Amino acid sequence: MPTDREILECELLAVRCQRGDRAAFGEIVAMFEKRLFYYLRRICGSEADSWDALQETWLNVFRSIPKLRDQRALPAFLYRTARNVAITRLRARDVLFDESHGQQNGDAAWTDDGTADFENAEHVHHALDQLPVLQREALTLFFLHDLSLEQMAEMLGVAVGTVKSRLHYGKAAMRKIVSKGDHDGRATD
């Protein structure tokens, strides 16, 4: 969750950009580039596609930041722009957005002792890569970018209930993948 200071800093940077201050845009890039790249990496699948999507995101942001009405919403605006770029690129490649993928076994994903192995970061990232895009995106925003359900709903343009559903099914699918120990190949249904 961004602090009040970070929100104020984002607001001031957005205002400076809207007044034509190119240095402010550079500061925004420096502040958000790593976070946006990581977010795009979770959605796009490959590092090369993620870098391409990030560059396209920055171009779109540069063109549209003068139209940003609520400067305090700069972070949500950046993530929404990155998401739109990634989704457009995935649709062009005919990647399916199946929200129901991974729902069959729900809570049966727990191991025999009632726990799941989320200690190994490599296994978690591998499992994330296997999830449908919409679930992977929700888990990334919630856990790795620390956004609230309301912020996620606003950014994704969906209801809070939809965000909760994507998180629920995404977590269940993650448990299933991690508990199966399938760390080398894609999960199959």
**Report entry** Inter-residue pairs, beta-carbon under 9 Å, first within 22 Å of residue 70 (Cβ to Cβ) and touching a residue at least 12 places away in the same chain (Cβ under 8 Å) and in the range 154-173, second of a type in the set (A, V, I, L, M, F, W, C) and not in a helix (DSSP H, G or I), 6+ apart
**Finding:** 155/147
Requested in this report: Consider residue 46 carefully, then state whether it is farther than 25 Å from residue 150 by Cβ, outside the structural domain of residue 162 (by TED's automatic domain parsing) and hydroxyl-bearing (Ser, Thr, Tyr).
Outcome: yes
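The values are calculated or read from the model by the stated rules, or taken from the named source; none is laboratory data. Note that the structure is a prediction, hence the values are computed from the model and not measured. So basically every Cβ, Gly included, is an ideal-geometry build from the backbone, and we count neighbours across all protein chains shown.
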